[in-house]
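Please treat every number below as a calculation from the coordinates, not as lab data. These figures come from a predicted structure and were not determined experimentally. With ideal geometry, Cβ positions are generated from the backbone for all residues, glycine too; neighbour counts draw on all protein chains shown.
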Amino acid sequence: MNDRNLIERHSRAYLGLVPTLPVALTLAVLAGWLMDLGFPDRDWWPLTLLGTAVMMTSVRGVGFGKALIIGAIGGFSFYGIMIWWLTVYLGLVPWIALTLLQVLFFALGMALIALIWRYGSRHWDTIAGRLGIVPALVGGAWMLREALASVFPFGGFAWGRISQSQSEGPLASLVAWVGTSGMSFLLAWAAALVVALVAETRLPLESRASLGVAVALALLVWPAYPVTTSGSLRVLAVQGNADAGLFAQYERGDNLRDHYLVTKELYGLDVDVVVWPENASDIDPLRFPEAAAIATEVSREMGAPLIVGTITKSEEETFNTILLWDFDDELGQSVVRDQYDKIHPVPFAEYLPARDFFYPLAPPLFDMIPRDYSFGERDAVFDVAGAVGGVAICYDIVDDEILWSMMDGGADIIFAPTNNADFGQTDQSVQQLAIAKMRAIETGRSVVNISTVGTSAIMDPTGVELDRLPTYTEGYMVMDVPLATYQTPATLIGRNIELGVVGFTLAGLIVAGTGHFGRYRRGQLRVAG
């Protein structure tokens with residue numbers, strides 16, 4: 001019997017039925033589609049979990065090379081559908097580039113899972129091993145892939161983590177206990193356990209069903225972390241319907257005018273703070289008196305500071321900035337109380353990494369990135385009317401490091417000003433809002449997500465929407481938004497869960513792989529002897 005047949009025999013002995021390559025590829029395509037259906041705008045959250053299980057099934061028992069191919073097809077199916085919104089203004093090239101980058105990570109992740117299925121199931125050949133250790137390692141490998149893709153390269157793309165699909169489901173409260181990565185691990189582990197239970201022929205069907213139900217119930221009935229509020233902040237958040245996306249027909253200052261006109265009608269309203277979106281002042285009030293005059297008028301007439309997004313300059317550097325603009329009654333003039341410059345500008349959108357290398361590859365495309373935003377170094381918290389507000393500009397909301405830094409800074413509310421005009425009437429804004437909702441639960445903080453065109457909403461520390469504005473409609477939200485000062489387990493633990501799971505996964509793979517090759521080597525020696 002040749003080596004290939006020997007491996008195939010072992011695969012079937014330890015794993016049950018192994019799908020053929022055509023079947024596995026079909027399963028991968030189906031799985032990617034199912035996973036996407038769990039995210040907005042569909043929000044059919046159980047389908048992401050089902051899709052994850054199907055994706056894991058597609059590489060069960062196959063070799064590393066085949067798993068790479070299967071994973072690549074599955075990753076393209078998932079990400080290709082999910083981020084189709086990237087094509088609205090930019091066309092196919094950026095969509096293909098970002099999708100293929102994620103496909104690379106996805107393929108490697110599925111190949112790692114294939115190795116764990118193969119070597120782990122053989123090394124831990126007991127009921128406890130096949131249903132305990134191996135599914136946990138598979139879940140860890142899934143989380144490892146997500147975690148790596150979220151930070152590398154150029155800060156990563158932390159979009160499409162399976163935990164983010166659960167914003168409308170009963171499992172959302174788990175994120176307050178274990179964080180975004182920890183929740184992805186639990187969901188992936190549960191999906192892998194289902195796959196292992198279906199394939200486990202050495203255990204009676206009734207026992208397998210009982211174990212699966214027990215795990216599902218444990219996840220579903222896990223209590224939400226208790227929320228305790230500490231007062232409130234009366235917030236006015238304005239959506240000016242300023243369509244300033246790429247190729248939109250607008251003049252310089254239109255953003256500022258649109259938000260000003262909505263706010264002007266509300267002068268005299270009793271609020272603690274006024275919040276405008278990212279780039280709501282498309283004229284920098286720090287450099288242009290006409291913009292400064294409008295910001296000052298709004299702050300003075302509302303009797304409250306204005307949180308406003310703009311583009312600032314400091315010598316040769318350009319920043320995507322949020323200003324805390326206030327009118328000081330005693331001084332009789334405006335004061336910039338604080339300033340946050342975006343710490344992690346988005347690569348290939350707000351700056352072009354290695355411009356000398358990339359620009360010649362597609363000059364017409366990269367001409368749409370005429371300037372490179374600099375990386376800010378200021379902290380991401382503002383003192384606002386006796387409260388501490390964390391500030392997350394647009395894509396910041398998916399960045400774990402920024403989230404933890406604002407929590408370390410004492411944030412008891414999160415302001416998330418954003419500009420979604422670049423993506424039109426697509427799923428992008430509701431996907432981002434779902435992430436913001438999960439962040440509210442994870443941190444135990446209310447989130448004010450305010451966009452130029454939507455989707456805008458205010459969520460309390462449990463993720464419940466207190467108010468919401470329709471897209472591409474001028475409007476405002478005003479309410480007493482709960483504050484909180486406690487720490488959730490997720491923010492206390494931070495990245496430690498992620499690091500622990502990664503260490504566990506790599507150690508398990510090494511142990512299983514070493515055991516496999518050790519047995520193979522001993523078999524070779526016996527044959528030679």
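Below are the figures for this structure:
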read-out	value
Sorted by Cβ density within 10 Å, fewest first, the residues Y267, Y340, Y486	Y267, Y486, Y340
Mean separation of Cα contacts under 8 Å (6+ apart) over length of the range 232-487, as relative contact order %	22
Protection proxy ranking, peptides 109-116, 290-297, average beta carbon neighbours within 10 Å, highest first	109-116, 290-297
Dimensionless Rg ratio for the range 232-487, taking C-alpha atoms and the 2.2 N^0.38 Å reference	0.95
Rounded FRET efficiency, nearest 0.05, which uses the C-beta distance separating E465 from E301 and R0 of 25 Å	0.30
The chain - share of DSSP beta bridges that are antiparallel (%, nearest 5)	70
For L506, L86, order by how many other beta-carbon atoms lie within 10 Å, fewest first	L506, L86
Most to least packed among 46-59, 63-76 [average Cβ atoms within 10 Å]	46-59, 63-76
Cβ-based exposure ranking for I96, I162, in which fewest neighbours within 10 Å come first	I96, I162
Difference of contour (0.36 nm per residue) and Cα-Cα distance, W222 to E377	51.9 nm
The chain, helix-only ellipticity at 222 nm - DSSP H runs n ≥ 4, -39,500 (n - 2.57), divided by all residues, nearest 500	-15000 deg cm²/dmol
Selected from G74, A354, M406, residue furthest toward positive end of dipole (the chain; charges at beta carbon)	G74
Positive dipole terminus of the range 232-487, leading residue within A237, V273, Q333 (C-beta point charges)	A237
C-alpha center-to-center spacing [the range 126-178, the range 416-493] in angstrom	23
Rounded FRET efficiency, nearest 0.05, which uses the C-beta distance separating D356 from I96 and R0 of 25 Å	0.65
Extreme residue, positive dipole direction of the chain, given options G109, A490, P285 (C-beta unit charges)	G109
Net charge dipole size for the chain [Lys, Arg +1 and Asp, Glu -1 on Cβ; Debye, nearest 20]	4100
Nearest-20 debye value, the range 33-169 charge dipole, Cβ charges on Lys, Arg, Asp, Glu	500
Local electrostatic count at F366 - Lys and Arg +1, Asp and Glu -1, tallied over other residues with Cβ under 12 Å	-1
The chain, relative contact order [Cα under 8 Å, separation at least 6], %	15
Rounded to the nearest 20 debye, dipole of the range 232-487 from Cβ charges on Lys, Arg, Asp, Glu	360
Translational diffusion coefficient (Stokes-Einstein; Kirkwood radius from C-alpha pairs) of the chain at 4 °C, 1.567 mPa s, in µm²/s	53
Cα-based Lys pair tally, the chain, threshold under 30 Å, eight or more apart or on separate chains	5
